[in-house]
Amino acid sequence: MMFLLLVTVTSMAVAVIMGVIAWRIAGEESRRSAARIAALAAEIHAAPIAAVRTADAGMARRAEIGVRAEKARPSSEAARISSSQPWHDDLELRPGAAVVSNPGLFTATQPAASGSRWAVVLGIGTLAVGSAAALAIVLSAGPRSVAHDRGAALAAAPVPLELVALGHERDGDRLTVRGVVRNPAAGAAIDGVTAVVFLFNRDGGFLASGRMPVLSSTLPPGGETTFVVTVPGASDVGRYRVSFRTDDRIVPHVDRRKLEVKS
């Protein structure tokens with residue numbers, strides 16, 4: 001669940017960042033497009049004016065040359081040249097260079113810009129949908145996973161045994177402890193249960209211990225069995241403690257003995 005929550009938060013953060021990037025990219029593309037249009041418009045309007053100015057300058061220069069040459073020639077030679085061939089210094093009136101507008105200049109960049117924008121939008125949409133789906137999975141799986149974890153914990157925790165009877169007797173320096181233990185109906189079957197008895201002196205110091213398997217090798221749910229443990233060296237015993245275990249773990253238990261009411 002923590003992994004899905006982390007993925008959701010990360011996806012939402014990435015979606016926000018990509019949205020900001022897409023907004024900046026769109027603004028930059030718009031500014032670049034406006035700048036390209038302005039530059040092309042300026043070039044279109046500047047080309048005819050430059051051509052006309054160049055033509056006017058050429059005409060003036062050639063006319064001036066023709067006038068000066070005419071003044072330097074004798075009148076008879078000038079008349080002969082004018083009658084024999086046309087005047088070469090007259091400039092032919094040429095129409096202004098036609099400006100061919102290329103529609104592709106404006107439309108060629110549009111698909112790339114629109115394509116990049118659509119790619120960014122598609123990526124943001126995918127991240128948003130993924131974030132929503134992950135959030136829905138986390139919210140829907142949260143209660144069930146918590147309940148499942150609780151159920152698994154309860155199932156993993158063993159049901160404690162119940163000590164329903166306990167007694168002891170002395171024989172010289174030996175202490176024999178007898179009792180009855182029960183496996184609750186809600187518990188699972190347990191194999192190889194051993195009863196362990198610890199002896200302590202009157203000051204609380206440890207004296208000795210002993211152990212003995214219970215009478216039944218397998219303790220089914222709801223079943224009961226007896227145990228008898230004899231511990232030597234108990235001449236100075238002050239109290240004792242009983243516990244149960246298997247080969248690999250300690251089995252918890254609770255005291256269910258009926259308390260005697262003294263009159």
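The values are calculated or read from the model by the stated rules, or taken from the named source; none is laboratory data. Keep in mind it's a predicted model, so treat the numbers as computed, not measured. Don't worry about glycine lacking a Cβ; one is built from the backbone with ideal geometry, like all the others, and counts go over all protein chains shown.
Some notes on this structure:
- Region 196-263 holds strands (runs of 3 or more DSSP E) entirely within its bounds, and those carrying 3 or more residues that are surrounded by 10 or more Cβ atoms within 10 Å (Cβ to Cβ) and not aliphatic (A, V, I, L, M) map to 206-213, 224-231, 237-245.
- Filtered by the rule that a residue be in contact (Cβ under 8 Å) with a residue 12 or more places away in the chain and over 23 Å from the mean Cα position of the chain (by Cα), region 5-31 gives Ile25, Ala26, Glu29.
- Members of region 173-220 that are touching a residue at least 60 places away in the same chain (Cβ under 8 Å), of a type in the set (Val, Ile, Thr) and under 16 Å from Gly233 (Cα atoms): Val177
- In region 154-176 there is no residue that is among the small types (Gly, Ala, Ser), crowded, with 17+ Cβ neighbours inside 10 Å and either modelled with pLDDT of 90 or more or touching a His at 6+ places or on another chain (Cβ under 9 Å) (or both).
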